[in-house]
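First up is the structure itself, then whatever we jot down about it.
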Ligand code: DGY
């Protein structure tokens, strides 16, 4: 009998093709994420779970899945899985870093450009039949060249955003990170305290992952420090930002611009965001380029196969404890 693999939401076909002969696949083909109870029920006797970053895989699910050997998260974020319980139960946990760095950094820049130059509104304007010829004061926006960017979370994605800002737009780059970035000199970025970053940045980008330290790291006090006409973009995790405080800032500062790809409690989002004027809301598509999503599918499929064959998987988050280094 083939071991079972639960895939909580349909991944690109290249991944399915790699898996279909080796495993019995239980795939959620519905156009929605599986609920917690559905995952709990479906994972009971599976060998592996390919989970989405919005699936909560907690200790109850892991302990109940007696045959579980690997959880392969389809994404770089790791906050949705109880890693300690996985490790204690001998379950490997992997993610898909690196392959999505450029895609996510590019999307962050897409949001920045769209907000700076009011691109969605200008597009809507033309489509509504309002274009009456070149107008010297039509849709005036902000110039990024030479302005200051502040990056909160200087990991792979933050460093890539920094590089684009520094060398593509001649921006001064400030960053806030627990540790000094090894890329600091190369990118010509300055590590500063959070308050200093917020006060001085024309563009603030959040790429920080979610953990106990970062939850609601950007709240009322932090928004108060930001410039009233700043651009604020979050492509990290929704929970890093206090949504109430964000909405209050955007309501009291009409020139404050907001671009979000992630939300607290996804797939829910605060409907008050829809009422904000200078705001672009995307459905968590940071890594959504064809190339990246196929690579992510290849990694999760490779990891299922490797573990089935007794090898260490790629990008094992808890590999140190569960895999021999020379595997
Ligand atoms: C991830 O991989 O964690 C991202 O949020 C997906 O875009």
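Picking from residues in region 273-284 that are within 14 Å of the ligand (Cβ to nearest atom) and closer than 20 Å to residue 118 by Cα, the one that is surrounded by the fewest Cβ atoms within 10 Å (Cβ to Cβ) is 283. Scan region 114-137 for residues that are touching a helix residue (DSSP H, G or I) at 6+ places or on another chain (Cβ under 8 Å) and loosely packed, with under 15 Cβ neighbours inside 10 Å and the total you get is 2. Does region 234-248 contain any residue that is surrounded by fewer than 18 Cβ atoms within 10 Å (Cβ to Cβ), touching a strand residue (DSSP E or B) at 6+ places or on another chain (Cβ under 9 Å) and at pLDDT 95 or above? Within region 234-248, one or more residues are surrounded by fewer than 18 Cβ atoms within 10 Å (Cβ to Cβ), touching a strand residue (DSSP E or B) at 6+ places or on another chain (Cβ under 9 Å) and at pLDDT 95 or above. Of the candidates 44, 20, 67, 63, the single residue that is in the same structural domain as residue 306 (by TED's automatic domain parsing), surrounded by fewer than 20 Cβ atoms within 10 Å (Cβ to Cβ), modelled with pLDDT under 95 and more than 19 Å from the chain's Cα centre (by Cα) is 44. The criterion of at least 1 residues that are over 23 Å from residue 97 (Cα atoms) and touching a residue at least 60 places away in the same chain (Cβ under 8 Å) is met, among strands (runs of 3 or more DSSP E) falling completely within region 178-248, by 203-206, 231-234. The condition (being surrounded by 14 or more Cβ atoms within 10 Å (Cβ to Cβ), free of Cβ contacts under 8 Å to residues at least 24 places away in the same chain and not in a loop (DSSP other than H, G, I, E, B)) is satisfied by just one residue among 306, 293: 306.
Which of the residues spanning region 177-209 are buried (at least 21 other Cβ atoms within 10 Å of the Cβ) and within 16 Å of the ligand (Cβ to nearest atom)? Within region 177-209, 205, 206, 207, 208 meet the criteria.
Just one of the listed residues (225, 174, 210) is under 25 Å from residue 277 (Cα atoms) and not assigned by TED's automatic domain parsing to the domain that holds residue 75, and it is 225.
May I ask you to say which residue of 173, 262 is surrounded by 21 or more Cβ atoms within 10 Å (Cβ to Cβ), touching a helix residue (DSSP H, G or I) at 6+ places or on another chain (Cβ under 8 Å), part of a loop (DSSP other than H, G, I, E, B) and modelled with pLDDT of 95 or more? Spell out the reasoning first.
Numbers: 173 fails: part of a loop (DSSP other than H, G, I, E, B).
Going through 173, 262 in turn, the sole match is 262.
For residues that are closer than 26 Å to residue 292 by Cα and assigned to a helix (DSSP H, G or I), scanning just region 10-68, find the one that is nearest to the ligand (Cβ to nearest atom). The qualifying residue nearest to the ligand (Cβ to nearest atom) is 15. Evaluation of residue 220 against the conditions (1) within 16 Å of the ligand (Cβ to nearest atom); (2) more than 24 Å from residue 144 (Cβ to Cβ) shows that the sole unmet condition is (1).
The values are calculated or read from the model by the stated rules, or taken from the named source; none is laboratory data. These figures come from a predicted structure and were not determined experimentally. All Cβ positions, even for glycine, are placed from backbone atoms using ideal geometry, and neighbour counts span all protein chains on display.
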